[in-house]
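A.B. asks: Would you mind keeping the following structure in view while I ask a few things?
The values are calculated or read from the model by the stated rules, or taken from the named source; none is laboratory data. Note that this is a predicted model, so its numbers are computed, not measured. Here Cβ is always computed from backbone atoms with ideal geometry, including for glycine, and neighbour counts include all displayed protein chains. In case anyone asks, the SASA skips ligands and DNA or RNA and just uses the protein heavy atoms, side chains included. Shrake-Rupley method; radii C 1.70, N 1.55, O 1.52, S 1.80 Å.
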Amino acid sequence: MKTMTWVMSAAVIAMSAVGCGGQSGASMGDTKSVAQGLGPNLEFYGSDTLKAALIAADGAAGAGLNVQGKGSGVGEGCLRGGSAGFCGPGQQALAPMSRDMKTPCLTGEKSNIIALDAVNAFVNSANTLTNITMADLQKTFFATNASNVAIPGSCTSTLTKYRRDDLSGTTDTFKSLVGGGSFCPGVIVVADGSLPAACTSPAGVSAGANASATACIGYLTATDSNAIGYSGDSAKRTGNKALSVNSIAPSVDNVRKFLTDKANAYPLARALFLNESTTNVRSDEEAIIYDWVYGSGKAQFENILVTQGFISCNTSGALKCGGVNNDGRGAGVCN
């Protein structure tokens, strides 16, 4: 697995008088009249699963965003009412997310699908297990179901279990699809910015000295023969493997059925998003990356996503993920 790193310029970009760039499809040349909304160091929050891909895209577009990750819940908060400790209300006009927006949609919000992904149950390659049922996956990780009813026979697995934190869109997706409520005692939380020592110590440098939570779960399952952890597909690496679920493998074809034949798709398939609010002020930096993603950089952006281990929606062209213009914009719940 390739780990991407990014070094931000030491220069602090001065805040100047700028104006509203919040219109969908706004160009880099828009004249602004109000202050841009990003944090003092151009912090840009959203999905940890998509963090490495957005860092690469930002570098290719020359936008200058300080891509932070932290979780889809944080990114959604930055579009909406704020996220404590990270951003204020409406601070971002864009947010990379590994899940759709939570309903009800707010005025001007658009769910923009950019790729597909599998939430995988990873185990060590030495583990003889190759398939797990949804029922057993639920029992492994959850003490109660989505209705907060105790699950008979749950929490008895002797595997060391790892999960993403509660701000993660991956956790939201996993809980929703598996039908989970409260996690079993002893499930180890792996959060971006607060990783287990194994991922940050010298021995864990191969996961990345500042590894994302996704990369960390990949590293932990690849180095512990007794481990199981759920994460996005980009946690795949030498030493771990993704289990089939209900005897359906997380193959490209089975994941693509999420858009065309959901009943026969890999059960934990999902879409990935670059969601937006067209009513929030769009910073110059967000406008640059938006125009690149949906303009001259479209094919390059999709190639970055595929290189990171995600799945293109369609083989006929970049970002053909549905929506009115079949470029993924407005293809989700908010349109």
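A.B. asks: Working carefully through the options R270, R329, R282, find the one that is farther than 25 Å from D253 by Cα and in contact with a Phe, Trp or Tyr (Cβ under 9 Å, 6 or more places away or on another chain).
C.D. replies: Values: R270 fails: farther than 25 Å from D253 by Cα; R329 fails: farther than 25 Å from D253 by Cα.
From the options R270, R329, R282, the qualifying one is R282.
A.B. asks: Give the range 64-76 a look and list any residue that's modelled with pLDDT of 95 or more, under 22 Å from E109 (Cα atoms) and touching a helix residue (DSSP H, G or I) at 6+ places or on another chain (Cβ under 7 Å), or say none.
C.D. replies: Answer for the range 64-76, where residues must be modelled with pLDDT of 95 or more, under 22 Å from E109 (Cα atoms) and touching a helix residue (DSSP H, G or I) at 6+ places or on another chain (Cβ under 7 Å): L65, V67.
A.B. asks: Output the residues belonging to the range 149-189 that are in a loop (DSSP other than H, G, I, E, B), of a type outside the set (A, V, I, L, M, F, W, C), under 23 Å from the mean Cα position of the chain (by Cα) and at pLDDT 95 or above.
C.D. replies: Keep residues of the range 149-189 that are in a loop (DSSP other than H, G, I, E, B), which gives 149, 151-159, 165-168, 179, 181-182, 184-187.
In the following step, the residues that additionally are of a type outside the set (A, V, I, L, M, F, W, C) were identified as 152-154, 156-158, 165-166, 168, 179, 181-182, 185-186.
With under 23 Å from the mean Cα position of the chain (by Cα) added as a condition, the list becomes 165-166, 168, 179, 181-182.
Those that are in a loop (DSSP other than H, G, I, E, B), of a type outside the set (A, V, I, L, M, F, W, C), under 23 Å from the mean Cα position of the chain (by Cα) and at pLDDT 95 or above: G179, G181, S182.
A.B. asks: Out of L54, L38, L116, L129, I need the residue that is in contact with a strand residue (DSSP E or B) (Cβ under 8 Å, 6 or more places away or on another chain), within 24 Å of I289 (Cβ to Cβ) and assigned to a loop (DSSP other than H, G, I, E, B). Which one?
C.D. replies: L38
A.B. asks: Would you point out which residue out of T214, T221, T238 is assigned to a helix (DSSP H, G or I) and over 25 Å from F86 (Cβ atoms)?
C.D. replies: On inspection, the qualifying residue turns out to be T221.
A.B. asks: Out of the residues in the range 225-235 meeting the condition of being outside any strand (DSSP E or B) and either in contact with a Ser or Thr (Cβ under 6 Å, 6 or more places away or on another chain) or of a type in the set (A, V, I, L, M) (or both), tell me which one is surrounded by the most Cβ atoms within 10 Å (Cβ to Cβ).
C.D. replies: This residue is A235.
A.B. asks: If you take just the helices (runs of 4 or more DSSP H) that sit entirely in the range 252-335, which of them hold at least 1 residues that are touching a Ser or Thr at 6+ places or on another chain (Cβ under 7 Å) and open to solvent by 60 Å² or more (accessible area, probe 1.4 Å)?
C.D. replies: Values: elements: 252-260, 284-293, 298-307.
Hits in the range 252-335: 298-307.
A.B. asks: Turning to a different aspect of this structure: Filtering the range 132-148 down to residues that are in contact with a helix residue (DSSP H, G or I) (Cβ under 8 Å, 6 or more places away or on another chain) and assigned to a strand (DSSP E or B), which residue is surrounded by the fewest Cβ atoms within 10 Å (Cβ to Cβ)?
C.D. replies: For the range 132-148, the residue satisfying everything is N145.
A.B. asks: Has the range 72-86 got any residue that is closer than 24 Å to G218 by Cβ, open to solvent by 20 Å² or more (accessible area, probe 1.4 Å) and of a type in the set (F, W, Y)?
C.D. replies: no
A.B. asks: Can you run down the residue pairs with Cβ atoms below 8 Å, 6 or more apart or on separate chains, where the first is in the range 94-121 and free of Cβ contacts under 8 Å to residues at least 40 places away in the same chain and the partner is crowded, with 24+ Cβ neighbours inside 10 Å?
C.D. replies: Every condition considered, the pairs that remain are K102/E76.
A.B. asks: Just give me the residues in the range 80-113 being outside any loop (DSSP other than H, G, I, E, B) and not polar (S, T, N, Q), in sequence order.
C.D. replies: The answer is C87, L94, A95, P96, M97, E109, K110, I113.
A.B. asks: For the range 221-239, which residues satisfy the criterion of being in contact with a helix residue (DSSP H, G or I) (Cβ under 6 Å, 6 or more places away or on another chain), under 21 Å from K51 (Cα atoms) and modelled with pLDDT of 95 or more? First the steps, then the outcome.
C.D. replies: Taking the range 221-239 as the starting set, the residues that turn out to be in contact with a helix residue (DSSP H, G or I) (Cβ under 6 Å, 6 or more places away or on another chain) are 227, 229-232, 234-235, 237, 239.
Next, only the ones that are under 21 Å from K51 (Cα atoms) stay: 229-232, 234-235, 237.
Residues satisfying the conditions are G229, Y230.
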